[in-house]
1. Can you list which of the chymotrypsin sites (Phe, Trp or Tyr not before Pro) found in region 55-148 are DSSP loop residues with at most 16 other C-beta atoms within 10 Å?
2. If you bin every alpha carbon distance in the chain into 5 Å steps from zero, what whole percent lands in each bin?
3. Using 0.36 nm per residue of separation minus the Cα-Cα distance, give me the extension gain between ASP31 and LEU130 in nm, one decimal.
4. Tell me the relative contact order for region 24-148 as a rounded percent, counting alpha carbon contacts under 8 Å between residues six or more apart.
5. Looking at region 5-91, what % of the alpha carbon pairs are farther apart than 16 Å?
6. Suppose accessible area is computed on protein heavy atoms with a 1.4 Å probe; arrange ARG12, ARG30 from highest to lowest.
7. So what is the calculated 222 nm ellipticity per residue for the chain, using -39500 (n - 2.57) for each DSSP H run with n of 4 or more, over all residues, to the nearest 500 deg cm²/dmol?
8. For the chain, which DSSP H helices look membrane-span-like by this rule: Cα extent along the axis of 20 Å or more and mean Kyte-Doolittle of at least 0.5?
Amino acid sequence: MASLLPHDTLRRADNRLIRLFGLGYLRLTRDALIHERLRYLVSILAALGRPDMRVLDVGCGSGMALYYCGRFCRGIVGEYVGIDMNVERLPARWGFVDLPHAFQPVDLDDEWDFGAFDLVWCSEVIEHLLDDEHLFRQLGTQLGPSGV
């Protein structure tokens, strides 16, 4: 069944509801397994306990990891970079998150380099790529000297 409202109107409404109701709204409207994975990410960051870590979110999708980092990892995460094919709408969605962040459009099957990170997170991605070996090599190139 076709939506009665234009897609952009729905997206803007969703963005406003995220800003107004935050995690409660996200828990009601997003898959529970996404939240489970993001709680795991937060637990890893907390266990590392390093201040001002750089986090690379490979295949960031909707960018919800940024929200979790901003909400639960203040002082632990100093910078977040999310990369994925279609990120053009994410800055408007997550602009309110008070954590230095950027989203970069990247075809993960290509070569890419964003520097050294303390933590490289990649979840629910490999099944979308042609060359999983290439992805693992790329992930390794983004790790800093004590990166995870």
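1. Within region 55-148, the qualifying chymotrypsin sites (Phe, Trp or Tyr not before Pro) (loop, at most 16 other Cβ atoms within 10 Å) are PHE96, TRP112, PHE114.
2. 2, 9, 18, 21, 22, 14, 8, 4, 1, 0, 0
3. Taking 0.36 nm per residue and subtracting the Cα distance, the gain is 33.1 nm.
4. Normalised by residue count, the contact order of region 24-148 is 24 percent.
5. 57
6. Heavy-atom accessible area, descending, gives ARG12, ARG30.
7. Numbers: 5 runs with 64 residues, N = 148.
Helix-only estimate at 222 nm: -13500 deg cm²/dmol.
8. The answer, listed by residue number, is 32-48.
The values are calculated or read from the model by the stated rules, or taken from the named source; none is laboratory data. As the structure is a computational prediction, the values presented were derived from the model and not from experiment. Positions of Cβ are generated from backbone atoms using ideal geometry, with glycine treated the same way; all protein chains shown enter the neighbour counts. When the accessible area is computed, the model is the full protein with side chains, heavy atoms only, and any ligands, DNA or RNA have been set aside. Shrake-Rupley method; radii C 1.70, N 1.55, O 1.52, S 1.80 Å.
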